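A quick write-up on the structure given underneath.
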Amino acid sequence: MRRTARRLPGRNHPPSAWQKKFNRLVAKQRWIIGQGFGTLKGLFHGGRARYITREKVEAELTFKAVAMNLLKAANRIDLVAA
């Protein structure tokens, strides 16, 4: 059986009790990861790479991750006015 982050019921069948419990527990952690990717995509256009080669794409994503972490740090110490 393949492991997934969310258990889906079959077609025209409501989820069972253990599927509901599993989805509720996973959702508590899933939003943290989704929020980070949403910020990366929204503020830094992280949905598509601008370059072709693997090295350049890795460098671009590294720069975007550094920029996002600097923004988060600045917001925590109140350097950036919202």
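Every read-out reported here was derived from the displayed coordinates using simple, explicitly stated rules and does not represent laboratory data. Quantities reported herein were computed from a predicted structural model and do not represent experimental measurements. Positions of Cβ are generated from backbone atoms using ideal geometry, with glycine treated the same way; all protein chains shown enter the neighbour counts.
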Taking a crude spin-label model, label points 7 Å out from Cα along the C-beta direction, the Ala27 to Leu61 distance in nm is 2.9 nm
Given the candidates Ala27, Leu61, Ala74, the one whose Cα lies deepest towards the positive end of the charge dipole of region 17-76, counting +1 at each Lys or Arg C-beta and -1 at each Asp or Glu C-beta, is Ala27
Taking a ≥ b ≥ c as the square roots of the eigenvalues of the Cα gyration tensor, with a/c under 1.5 meaning rounded and otherwise prolate when a/b exceeds b/c and oblate if not, region 17-76 is oblate
For Tyr51 and Gln19, extending 7 Å from Cα along the Cα-Cβ vector and measuring point to point gives, in nm, a value of 4.4 nm
Spelling it out for Gly46: with amide H atoms placed in the peptide plane at 1.01 Å from N, the residues 5 or more places away or on another chain with amide H under 5 Å from its amide H are Lys41
